[in-house]
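Here the structure is laid out as structure tokens; the discussion comes afterwards.
The values are calculated or read from the model by the stated rules, or taken from the named source; none is laboratory data. Everything numeric in this text was worked out from a predicted model, so none of it was measured. Ideal geometry is used to build each Cβ from the backbone, glycine not excepted, and the neighbour counts take in all protein chains shown.
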Amino acid sequence: MSWSGAPTSIRAVVMRNRIIWVTLILVLAGGALWLGRRASRSVAEVYVTQRGPAISAVYGTLKVVASLTMNTRTRSSGLIRFSDAIATNAVPGVAVQRGDLLATIVNEDLDREIAKAETDLAAAEEKQRIGPPTQPQLNTQTALLARIEKLAELQNVPASDVERTRNEVRSLGERVRMEQVEMQRVVTILREQAGVLRDRKTRCLITAPIDGTLTAINSIDGEFVGENSVPFTVATHTMFLEGQINEEDVGLIAPKMKAAVRLYSFAGRDFSATVAQVLPTPNNQRYTVTLTLDEPPSNLLAGMTGEMNIIAGRREQALIIPSRAILAGRVLVVQDGIVKPRVVEIGFRNLERSEIVTGLQEGEHVIVADQDLFQPGQRVRAVTINQ
């Protein structure tokens, strides 16, 4: 049967069904297009502007430095011999106290000179103890003079004999005194010589100059070292922080300011420190700031590095956003799903948060990541990341 010959009612039903199917197809296509457009809309991570404390902080890098580091220098040359305490554990990190023997410079020639000088001195002192060689003769003549004088009183001895004996006693006494002077001179010279040699021996001893820790051992036990070499380095147990800040920030820093410190060796742990002083001499347009940790960890070691934020000011109930949301004095605001640029005036600022003086209102959404991927007027889907 042809279509033209079909009853009117049948044709109407078929046409109605076609219209329904076409309409359904158009609705489904439109929905799919809308869903596709919605699915393809860019996602923007936003921060809801809110009020809180605004902190002005000066950023800088830092390292842990020993309060005092001293090199031990040799004062003579020879073979170096470590002390027993060092030889059994010849690695940096050994704790020492001031005056502890670290090593000795072995000089056999000096040892022989000291032994000879001490022997000569002992012999000279023994001779001095025994007395002058002429002393016995003087004693004999003195006793003879006493007898002759008694006999002279009895007129049994001529006066000339008495005078001759007296002259001999005076001559011997003078000789004894000269011998005593010479013996004293010899003893003094030998003592001085022995003292000089002992001092040279003392200069062969290498001792710890301060209480602290051996941070470097630069020699090998038993090797030859020259005078004024540095076999050991000792650092104190006490530490301080040495920070570096830019020239444009140094005017904001003053002693006793607080600082937030992070050391890379203590991941996830924050420390509080206090500014001690700002050194007046720059190095490559960067200034050095010294700080002390308020509560230093027990295992703090020299050479550790980290970063700091010195707190230069603080304002409560300020309008704040993440510092990473600001690019060249502008932010991107998401309003009704559309990206809009906004110029802002910045107040206090640190690495994490910035104060907005003008340009934003509390509760507005600012994009905080991948700002280069968004254009003004672009439709986006905002995802809040306030934490």
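Worth pointing out:
- Scanning the range 108-138 for residues being surrounded by 14 or more Cβ atoms within 10 Å (Cβ to Cβ) and either outside the structural domain of ARG175 (by TED's automatic domain parsing) or part of a helix (DSSP H, G or I) (or both) gives a total of 14.
- Candidate set: the range 237-269, residues that are of a type in the set (D, E, K, R) and under 29 Å from ALA95 (Cβ atoms); chosen: the one surrounded by the fewest Cβ atoms within 10 Å (Cβ to Cβ): ARG269
- Residues (closer than 27 Å to ASP120 by Cα and in contact with a Ser or Thr (Cβ under 7 Å, 6 or more places away or on another chain)) located in the range 141-197: ARG175, VAL176, GLU179
- Within the range 182-235, tally of residues that are without any contact (Cβ under 8 Å) to a residue 60 or more places away in the chain and not in a loop (DSSP other than H, G, I, E, B): 11
- Inter-residue pairs, beta-carbon under 8 Å, first farther than 30 Å from THR305 by Cα and aromatic (Phe, Trp, Tyr) and in the range 43-63, second surrounded by fewer than 18 Cβ atoms within 10 Å (Cβ to Cβ) and at pLDDT below 90, 6+ apart: TYR47/ILE385; TYR47/ASN386
- Residue tally, condition within 14 Å of GLN50 (Cβ to Cβ) and out of contact with any Ser or Thr (no Cβ under 7 Å at 6 or more places or on another chain), over the range 331-355: 1
- Subset of the range 332-352 that is of a type in the set (A, V, I, L, M) and within 38 Å of the chain's Cα centre (by Cα) - its residue that is modelled with the lowest pLDDT: LEU351
- The range 341-361 residues that are outside any strand (DSSP E or B), paired with ones that are among the small types (Gly, Ala, Ser) and modelled with pLDDT of 95 or more (beta carbon under 8 Å, 6 or more apart): none
- Any hit, the range 309-331, residues being under 30 Å from PRO92 (Cα atoms) and under 25 Å from the mean Cα position of the chain (by Cα): no
- Scanning the range 171-229 for residues that are within 29 Å of GLN128 (Cβ to Cβ), out of contact with any Gly (no Cβ under 9 Å at 6 or more places or on another chain) and among the β-branched types (Val, Ile, Thr) yields VAL181, VAL186, VAL187, THR188, ILE189, VAL196, THR202.
- Of everything in the range 94-152 that is hydroxyl-bearing (Ser, Thr, Tyr) and in contact with a Lys or Arg (Cβ under 7 Å, 6 or more places away or on another chain), the residue that is nearest to ILE220 (Cα to Cα) is THR104.
- Just one residue in the set LEU300, LEU332 is part of a loop (DSSP other than H, G, I, E, B), in contact with a strand residue (DSSP E or B) (Cβ under 8 Å, 6 or more places away or on another chain) and buried (at least 17 other Cβ atoms within 10 Å of the Cβ); that residue is LEU300.
- Lone unmet requirement of (1) surrounded by 15 or more Cβ atoms within 10 Å (Cβ to Cβ); (2) within 18 Å of THR69 (Cβ to Cβ); (3) of a type in the set (A, V, I, L, M) for LEU279: (1)
- Matching residues, the range 97-122, being β-branched (Val, Ile, Thr) and touching a strand residue (DSSP E or B) at 6+ places or on another chain (Cβ under 7 Å): THR104, ILE105, VAL106
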